[in-house]
1. In this structure, does Ala239 turn out to be near the ligand (Cβ under 10 Å from one of its atoms), in contact with a helix residue (DSSP H, G or I) (Cβ under 8 Å, 6 or more places away or on another chain) and small (Gly, Ala, Ser)?
2. Here are the criteria: (1) touching a residue at least 12 places away in the same chain (Cβ under 8 Å); (2) not in a loop (DSSP other than H, G, I, E, B). Tell me which single one Glu171 does not satisfy.
3. Can you name the condition, by its number, that Glu219 falls short on among (1) buried (at least 22 other Cβ atoms within 10 Å of the Cβ); (2) over 13 Å from the mean Cα position of the chain (by Cα); (3) in a helix (DSSP H, G or I)?
4. If you go through region 112-143, how many residues are hydroxyl-bearing (Ser, Thr, Tyr) and within 14 Å of the ligand (Cβ to nearest atom)?
5. Quick check: anything in region 33-43 touching a Gly at 6+ places or on another chain (Cβ under 8 Å), buried (at least 19 other Cβ atoms within 10 Å of the Cβ) and closer than 20 Å to Val194 by Cα?
6. Confirm whether Ala210 is closer than 22 Å to Ala239 by Cβ, touching a strand residue (DSSP E or B) at 6+ places or on another chain (Cβ under 9 Å) and either more than 13 Å from the ligand (Cβ to nearest atom) or hydroxyl-bearing (Ser, Thr, Tyr) (or both).
7. If you take the residues in region 100-128 that are without any contact (Cβ under 8 Å) to a residue 40 or more places away in the chain and in contact with a strand residue (DSSP E or B) (Cβ under 7 Å, 6 or more places away or on another chain), which one is surrounded by the fewest Cβ atoms within 10 Å (Cβ to Cβ)?
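Every read-out reported here was derived from the displayed coordinates using simple, explicitly stated rules and does not represent laboratory data. Computed from a prediction, not measured in an experiment: that's the story for all the values here. Every residue, glycine as well, gets a Cβ built from its backbone with ideal geometry; the counts of neighbours run over all protein chains shown.
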Amino acid sequence: MHTNEDTLGLLAQALREADAVVVMTGAGASAESGIPTFRDALEGYWSRYDPQQLATPQAFEADPALVTRWYDERRCKVLECDPNPGHEALAHLEELITGRGDRFTLVTQNVDRLHQRAGSREVVEVHGSLGEWRCTKTGQSYLDLPVPFPEYPPPSPAGGLLRPGVVWFGESLPPAAIERASSDSSACDVYLAVGTSGVVWPAAGLVLNAANNGALTVELNLDDTPMTEHFSHTLRGTAGELLPALLELLG
Ligand code: OAD
């Protein structure tokens, strides 16, 4: 049984020697910024809803005002939050690894853009982003929209409705993002998953690609997940504490 200290040491050493590193993040990476994770119970008005039932094309079709209001409230909330020390540590890790000429890929299931705001340069968003909305009629994407929307559902300039640019249950992932995530995880020496419950595929399964390539695979989470057994090592604690500790070891 390794302690966190042992695993941090091992991971730091592997990162020093790695030619290619993949970090995958989930909602736990943003928890210390004050953004509730997906599997936290919804609060207040929204407590009567199940997020998995709001995050579907069927829910949007049945009640576009309700679904767009829910996403808009999340969009507003995210803009009030700041990146935490875990996000910052990952931005520094990218700088360190790409700065010496090696490859680093940050794959995120998060739609909050906090990695980009912390300074991460190349972020592969496999579940889209709350900052981008799409017209249901033309498919055109819009950025820099009013915050919050003045009405729900927000009309698009082309006559359709605006829907959030996130991936809903039952929809395909953006092909370029998932291809990149899949090929980079299949070719990495170190794979680190941070704050993800490992229940939503295909993101959860990327660790298997890395393990097949013989990578050191580390799961950083508060608790065990259904994917824990597929990782060679675990770190138990918060991203906001463990990632800065890792960077400190790397110097
Ligand atoms: P979840 O909400 O399912 O899981 C968050 C995970 O982070 C849990 O395993 C927690 O134990 C862990 N966690 C919480 N706080 C943490 C902290 N401070 N440090 C480290 N770990 C912490 O979020 P995701 O795994 O991201 O999909 O969810 C995956 C996908 O399911 C989401 O992208 C979303 C959702 O439905 C779509 O919208 C398509």
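1. yes
2. Result: Glu171 fails condition (2) only.
3. Result: Glu219 passes all but (3).
4. Matching residues across region 112-143 total 1.
5. No, every residue in region 33-43 fails to be touching a Gly at 6+ places or on another chain (Cβ under 8 Å), buried (at least 19 other Cβ atoms within 10 Å of the Cβ) and closer than 20 Å to Val194 by Cα.
6. So Ala210 fits the description; yes.
7. Looking at residues that are without any contact (Cβ under 8 Å) to a residue 40 or more places away in the chain and in contact with a strand residue (DSSP E or B) (Cβ under 7 Å, 6 or more places away or on another chain), I get Glu122.
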